[in-house]
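Reviewing the structure listed below.
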Amino acid sequence: MSGKFIGTGVALVTPFHKNGSIDFKSLKKLVERCIENKVDYLVPLGTTGESVTLTKDEKRAVLDFVIEVNEKRVPIVLGLGGNNTSDIINSMEHYPLKQVQAILSVSPYYNKPSQRGLYQHYKTIAAYSPIPVIIYNVPSRTSVNISAETTLLLAEEQKNIIGIKEASGNFDQCMRILKEKPKDFLFISGDDALTFPLISLGADGVISVVANAYPGEFSEMVRLALNGQFDKARKIHYKLLSFTNLLFAEGSPSGVKAALNIMNVTQEYLRLPLVEVSKATRNKIEAEIKNM
């Protein structure tokens, strides 16, 4: 199962109309574009998909739509996390989990659990989930870091936990996990700009924001790096680096939605409390797209 998630996964945005409703036409265009450009799997309803502002029914509608458009061409990983363990477990009944291949579960935010609490949280989710679970560590958003010790303990003891999307930006922590993890436990980059160096250290790929905009280029960079063709991969890495940094200058997914609008893929609308990037940043993103 873990082999399905080597390479580039796309953390799909959720396009909206001006009135705030979901723009399914643009979502179909985005999904088709990603698959045609040879990404390895799709990740709807994550942070980039603004899942925290979607209702329960909207989440189900987005997932059903992505499954329908995908037509089993690539694996799907469902974003399903939060800070209420029992609510996550109960919500599993709401989704067609037989039609997706794994769950990506962000660590609890706001509660600030201890490492023991984090361990028990993921142990409980893994025990109830009928499909594999991928941990998502993003302390810049959650305020709590899943330590290397906790990750390695979960990797050794919880067989239904098959990997981690690691977005701590801490190379010491990343290298310890990569050095000591079980062979089949996935290490997936959660930082687009760090994906290339992390693959050189042994990472298995990325769940990417940038690949919404440049699915072909980003997935090619990842494939080349995984195949040890580092000179070719490095060129694409540096080609995309300025664009990548601009996407996160005023937060995500505001930056990538601006890029997708400039590229005529989706509209730029977000749901509060997120807002569009400033005109200055949008102009820089547009200029970088023209340069590329």
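Miscellaneous remarks
- Considering E268, E286, E276, the condition of being of a type in the set (D, E) and either crowded, with 17+ Cβ neighbours inside 10 Å or modelled with pLDDT under 95 (or both) is satisfied by E268 alone.
- Test: residue in segment 134-148 that is touching a residue at least 12 places away in the same chain (Cβ under 8 Å), buried (at least 16 other Cβ atoms within 10 Å of the Cβ), of a type in the set (D, E, K, R) and closer than 22 Å to T85 by Cβ: no
- When the helices (runs of 4 or more DSSP H) confined to segment 81-190 are screened for residues that are within 18 Å of the chain's Cα centre (by Cα), those reaching at least 2 such residues are found at 139-142.
- Filter result (out of contact with any Leu (no Cβ under 7 Å at 6 or more places or on another chain), over 23 Å from F171 (Cα atoms) and of a type in the set (V, I, T)) within segment 101-132: T124, I125
- Of the criteria (1) among the basic types (K, R); (2) within 19 Å of D40 (Cβ to Cβ); (3) touching a Leu at 6+ places or on another chain (Cβ under 7 Å), which one K284 fails: (2)
- Check on V206, outside any helix (DSSP H, G or I) and either buried (at least 22 other Cβ atoms within 10 Å of the Cβ) or out of contact with any helix residue (DSSP H, G or I) (no Cβ under 8 Å at 6 or more places or on another chain) (or both): yes
The values are calculated or read from the model by the stated rules, or taken from the named source; none is laboratory data. No experiment lies behind these values; they were computed from the predicted model shown. Please note: Cβ atoms are built from the backbone with ideal geometry, for glycine as well, and neighbour counts cover all protein chains shown.
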